[in-house]
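The values are calculated or read from the model by the stated rules, or taken from the named source; none is laboratory data. Just so you know, these numbers come straight off a predicted model, no measurement behind them. Note: ideal-geometry Cβ built from the backbone for every residue, glycine included; neighbour counts use all protein chains shown. We work out accessible area using only protein heavy atoms, side chains counted, and drop any ligands, DNA or RNA first. Shrake-Rupley method; radii C 1.70, N 1.55, O 1.52, S 1.80 Å.
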Amino acid sequence: MKYIIGNWKMYPRQIEDANEIVKEIKKVAKKAVACGVQPVICPPAVFLAGLIPKVRGALQFGAQNSSEFADGPHTGELSTIQFASLGAQYIILGHSECRGRGETDALIAAKVITAVKVGMHVILCVGEKERDHNGEYFGEVAAQLRASLENFPPEKTGRLLIAYEPLWAIGEKATHPASARDFQEMAMLLRRTLSECFDKTKAFKIPLLYGGSIDAKNAQSYLDIGADGLLVGRASLKVKDFVSIIDRASGGLTK
Ligand code: PGA
């Protein structure tokens, strides 16, 4: 299965606009799944309850962050148990925008464990801030991955997806996306690091995704080189582009 995951971040402003986007993606979701492509939308959490009942079925939903606690006196926080109770099946954790607001590897590791224990699929994001000529960024990403998976229950690796998202390739400030080649090199390192953390057979089954300035034009290049999926930001809010990414991943068979 390949995963095409839309990270809507804090967009759109109105639920009506969210409904419109979902309506269009729903049209291709069933055929995509039949072609081995799982579309997932991660809207702002406040929209999940409104969106999920409308589209139960092929299209799946996720949240963008959660508390490390299952419940408790944590004003303003949201838990993965609550997301799961709405029917959400995925959670993005460790996104660089959350790390940038002060989330540490230790906090992320705690969130990851809480989430997989309640049966959520965790999309764990890792990626270097910038690239140096000596390749030290490889060590930075491996260390980040290891620390974010500290004490991860090995029997839950089937719930884990890793998204490589280099910071320099994310968002409007990015000058360019990582190349498919960049992703391929990093995927080898991620795979090796995962097989040091877990049983090799299990480690090899963990999907490795790319994210950072993906658009309808470049999406296929990562899939062609072996990415198990894509974590799409801006382009996931442009219906035509996101539908086109899903369609390409499905070999053009969703229409
Ligand atoms: P982008 O965002 O596709 O807009 O670069 C990706 C992400 O932050 O997940």
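List the helices (runs of 4 or more DSSP H) that sit entirely inside region 62-141 and contain at least 2 residues that are within 16 Å of residue 42 (Cα to Cα).
Details: elements: 80-86, 96-99, 105-117.
By residue number, 80-86, 96-99.
When region 1-46 is filtered for residues that are more than 18 Å from the chain's Cα centre (by Cα) and among the polar types (S, T, N, Q), the ones remaining, listed by number, are 14, 19.
Against the list (1) within 16 Å of the ligand (Cβ to nearest atom); (2) open to solvent by 40 Å² or more (accessible area, probe 1.4 Å), the condition residue 196 fails is (1). Can you pull out the residues in region 160-184 that are aromatic (Phe, Trp, Tyr) and touching a helix residue (DSSP H, G or I) at 6+ places or on another chain (Cβ under 8 Å)? 164, 183 - these are the residues of region 160-184 that are aromatic (Phe, Trp, Tyr) and touching a helix residue (DSSP H, G or I) at 6+ places or on another chain (Cβ under 8 Å).
Among the candidates 171, 212, the residue that is surrounded by fewer than 16 Cβ atoms within 10 Å (Cβ to Cβ), under 18 Å from the mean Cα position of the chain (by Cα) and touching a residue at least 60 places away in the same chain (Cβ under 8 Å) is uniquely 171. Looking only at residues in region 128-145 that are closer than 18 Å to residue 197 by Cα and not hydrophobic (A, V, I, L, M, F, W, C), which one is surrounded by the fewest Cβ atoms within 10 Å (Cβ to Cβ)? The residue in question is 139. Considering 82, 60, 64, 89, the condition of being away from the ligand (no atom under 16 Å from the Cβ), under 24 Å from residue 165 (Cα atoms), among the polar types (S, T, N, Q) and crowded, with 19+ Cβ neighbours inside 10 Å is satisfied by 60 alone.
Six or more apart or on different chains, Cβ atoms under 6 Å: show the pairs whose first residue is in region 36-47 and under 15 Å from residue 209 (Cα atoms) and whose second is open to solvent by 10 Å² or more (accessible area, probe 1.4 Å) and of a type in the set (Gly, Ala, Ser). Between residues of region 36-47 that are under 15 Å from residue 209 (Cα atoms) and residues that are open to solvent by 10 Å² or more (accessible area, probe 1.4 Å) and of a type in the set (Gly, Ala, Ser), the close pairs are 37/249. Here residue 130 meets the list (1) away from the ligand (no atom under 16 Å from the Cβ); (2) at pLDDT below 95; (3) out of contact with any Pro (no Cβ under 8 Å at 6 or more places or on another chain) almost entirely, failing just condition (1). Residues considered: 180, 174, 142. Of these, the only one that is touching a Ser or Thr at 6+ places or on another chain (Cβ under 9 Å), at pLDDT 95 or above, of a type in the set (Gly, Ala, Ser) and within 16 Å of the ligand (Cβ to nearest atom) is 180. Kindly indicate whether residue 77 is open to solvent by 10 Å² or more (accessible area, probe 1.4 Å) and touching a helix residue (DSSP H, G or I) at 6+ places or on another chain (Cβ under 7 Å). Answer is no for this residue. Of all the listed residues (205, 240), the sole one being more than 16 Å from the ligand (Cβ to nearest atom) and open to solvent by 40 Å² or more (accessible area, probe 1.4 Å) is 205.
Across region 109-139, the number of residues qualifying as out of contact with any Gly (no Cβ under 6 Å at 6 or more places or on another chain) and closer than 19 Å to residue 79 by Cα comes to 15.
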